[in-house]
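Following: one structure in structure tokens, then a few remarks.
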Amino acid sequence: MTAHRLSGMFPGVPATAPATRARSGSLLALTNISKTFGAVQALNGLSVDIAPGEFVTVVGPSGCGKSTLFNIVAGLEEPDDGGSLQFLGKPCRARDLLGQVSFMPQRDLLLPWRTVIDNAILAVEMEGARKSDARREALAMLPEFGLTGFEQQYPHQLSGGMRQRVALMRTFMFKRDLMLLDEPFGALDALTRSMMQRWLLDVWQKHRRTILFITHDVDEALFLGDRVLVMTARPGRVKLELPVTLSRPRNADIVTSPEFIAQKRILLEAIEEESMKSFTAQTGSH
Ligand SMILES: Nc1ncnc2c1ncn2[C@@H]1O[C@H](COP(=O)(O)OP(=O)(O)OP(=O)(O)O)[C@@H](O)[C@H]1O
Ligand SMILES: [Mg+2]
């Protein structure tokens, strides 16, 4: 579902039932995906359907399987038997997605011995691009990523926000229709985080990518997304799918609008219920 198809809906619109089968024209459709690690079931019957150009955000309690979902969509983990994946309308295995999507893992480590520019080109260089061409392209992208003049610096010489922008630049340079971002702003202070969110929306709108964005933060999920998926406590599946009714472009003031507050209330209720379950399961308290 794209942003314009969502406009005109009402504030606090009730969430739709989770998708269970691929919509026509979807970029990626996961149906009934489960993943077990030994005795731990991380995911159980998760279904997600993502349309081209959509910005989908995923929230859920810690340990509910968000990064496991990420790893499956990135092609790094194969799900258990029984579910199915489709990319661009064609059935596939998770491993077929490796190289088809660009991703930034939760613990994205820039290589400390590489400069900003050489960290940014890493993915395309590994794909076989000529280093000189890749560097030229990266240099042209530096202003957009707020890194002008820092091309020869090393990661330890950068702020947290700048390091994240280098990692994001690497992900954007690896031009794929689908981008996966696992809590990219999780370690940033509130002010930097809010600036980065607005910046990411600008970059997303310019580059017209499809984004699956994982976060702990309900405000972030709502501010960024066309649609927010709330996951259940482990084993994770989609508990709630909320189409975001906020118009674009979005500025910082939107978080105080009645529409934002109404939608946030729906999300908080769902997520609190699941966090409580997860806490009770971990502590054994009732
Ligand atoms: N490779 C693995 N081997 C064994 N267990 C794993 C593996 N990957 C994940 N798990 C387990 O699966 C569950 C889900 O983990 P996952 O990292 O997907 O959660 P998450 O929602 O991303 O958590 P967080 O919000 O803390 O990042 C956890 O219990 C974790 O210990
Ligand atoms: Mg995680």
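Taking amide H atoms as placed 1.01 Å from N in the peptide plane, the amide H of Leu43 lies under 5 Å from those of Lys35, Gly236, each 5 or more residues away in sequence or on another chain. Cα extents for the range 109-174 along the principal axes, largest to smallest and rounded to whole angstrom: 29, 22, 18.
Of the peptides 126-136, 214-224, 268-278, the order by per-residue mean of other Cβ atoms within 10 Å, starting with the highest, comes out as 214-224, 268-278, 126-136.
Among Phe185, Phe55, Phe150, the largest mean-square fluctuation in a Gaussian network model of the chain, built with springs joining Cα atoms closer than 10 Å, belongs to Phe150.
Shown for the range 111-270: the carbon plus sulfur share of the solvent-accessible area, taken with all protein chains present and a 1.4 angstrom probe, equals 54%. The residues of the range 22-152 have, on average, 45 Å² of accessible surface per residue, using a 1.4 Å probe with all protein chains present.
Please give the calculated 222 nm ellipticity per residue for the chain, where each DSSP H segment of at least 4 residues contributes -39500 (n - 2.57) and the sum is spread over every residue; nearest 500 deg cm²/dmol?
Values: 9 runs with 98 residues, N = 286.
One gets -10500 deg cm²/dmol as the mean residue ellipticity at 222 nm.
Dipole magnitude for the chain: about 480 debye, using +1 per Lys or Arg Cβ and -1 per Asp or Glu Cβ, origin at the Cα centre.
Across the chain, Cα pairs under 8 Å and at least six residues apart give a relative contact order of 28 percent. For the range 109-174, the relative contact order comes to 50 percent (Cα pairs under 8 Å, sequence separation of at least 6). Highest mobility in the GNM of the chain, judged by mean-square fluctuation with C-alpha springs under 10 Å and restricted to Gly38, Gly53, Gly65, is found for Gly38. The distance linking the range 76-124 with the range 214-283 is 25 Å (Cα centroid to Cα centroid, whole angstrom). About its Cα centre, the range 109-174 has a charge dipole of approximately 100 debye under the convention of +1 per Lys or Arg Cβ and -1 per Asp or Glu Cβ, with nothing else charged. Using a Gaussian network model on the chain with a 10 Å cutoff between Cα atoms, which of Lys264, Lys66, Lys90 fluctuates the most? Ranking Lys264, Lys66, Lys90 by mean-square fluctuation puts Lys90 first.
If you take the beta carbon distance between Thr256 and Lys277 as r and set R0 to 35 Å, what does 1/(1 + (r/R0)^6) give as a FRET efficiency, to the nearest 0.05? Write out the running numbers ahead of the final one.
Values: r = 31 Å, r/R0 = 0.87.
Here the calculated transfer efficiency is 0.70.
Taking label positions 7 Å along the Cα-Cβ direction at both Leu109 and Glu127, the computed distance is 2.4 nm, reported to one decimal.
The values are calculated or read from the model by the stated rules, or taken from the named source; none is laboratory data. Since this is a predicted model, take the numbers as computed values, not measurements. Every residue, glycine as well, gets a Cβ built from its backbone with ideal geometry; the counts of neighbours run over all protein chains shown. Ligands, DNA and RNA are stripped out before the accessible areas are found, and what is left, the full protein with its side chains, is counted by its heavy atoms. Shrake-Rupley method; radii C 1.70, N 1.55, O 1.52, S 1.80 Å.
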